[in-house]
Amino acid sequence: MTEAALAGRPGPKLFNTAAAGGRGVRAAQIPASNGHATARALATLYGRLVSCEILRPDVLDRAVAPRSEGHDEVLLARTRFALGYMLPCEIRPFAPNPRAFGYSG
C-alpha cells in the first residue's frame with residue numbers, strides 16, 4: 001500500500017501529541033508502544049545493558065542479533081530488527097557502530 005493510500009484511510013489519530021502525555025495514555029498498557037522514561041533513566045538502562053549488568057554477554061549478543069530485515073509496510077522504508085530492538089537502518093541510523101541498537105521514539 002502506498003503512503004498516499006495509507007494517509008487517505010480513516011482510522012485513529014496515532015500521533016496526537018496533545019494526548020500523548022495524558023493520564024489515560026500513560027496509564028494504558030500498550031505492549032511495545034508506551035514505555036515512559038526520562039532521558040537520564042533511559043540512558044542508565046542502556047548503559048547497564050551494554051555493560052552487561054542486566055543481561056549476560058551471550059544473552060545480549062542474541063538479543064541484538066539481526067532477526068528481520070526488509071521493507072517495513074508501516075514505516076514505509078527498509079528496517080532492521082533484533083529481538084525487541086531496532087537496529088541501525090536507513091531511516092534510523094542511531095550511530096556509526098553497526099552493533100548499535102535501540103528505538104528512536
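For the range 26-105, what does the alpha-carbon gyration tensor say about shape, rounded, prolate or oblate, given a ≥ b ≥ c as the root eigenvalues, a/c under 1.5 as rounded, and a/b over b/c as prolate?
Judged from the Cα gyration tensor, the range 26-105 comes out oblate (a/c at least 1.5, b/c at or above a/b).
Using 0.36 nm times the number of residues separating Asp58 and Glu90, minus their current alpha carbon distance, what extension gain do you get?
Stretched out fully, the Asp58 to Glu90 stretch lengthens by 8.8 nm.
With all protein chains present, calculate the accessible area of Cys52 using a 1.4 Å probe and round the result to the nearest 10 Å².
So the heavy atoms of Cys52 present about 50 Å² to solvent.
Probe 1.4 Å, all protein chains in place: accessible area of Leu55 in Å², nearest 10?
Rounded to the nearest 10, the figure is 50 Å².
Please arrange Asp61, Asp72 by accessible surface area, largest first, computed with a 1.4 Å probe and ligands excluded.
Solvent-accessible surface, decreasing: Asp61, Asp72.
The values are calculated or read from the model by the stated rules, or taken from the named source; none is laboratory data. Everything quoted here is computed from the prediction, not taken from an experiment. All accessible areas refer to the heavy atoms of the entire protein, side chains included, with ligands and DNA or RNA removed. Shrake-Rupley method; radii C 1.70, N 1.55, O 1.52, S 1.80 Å.
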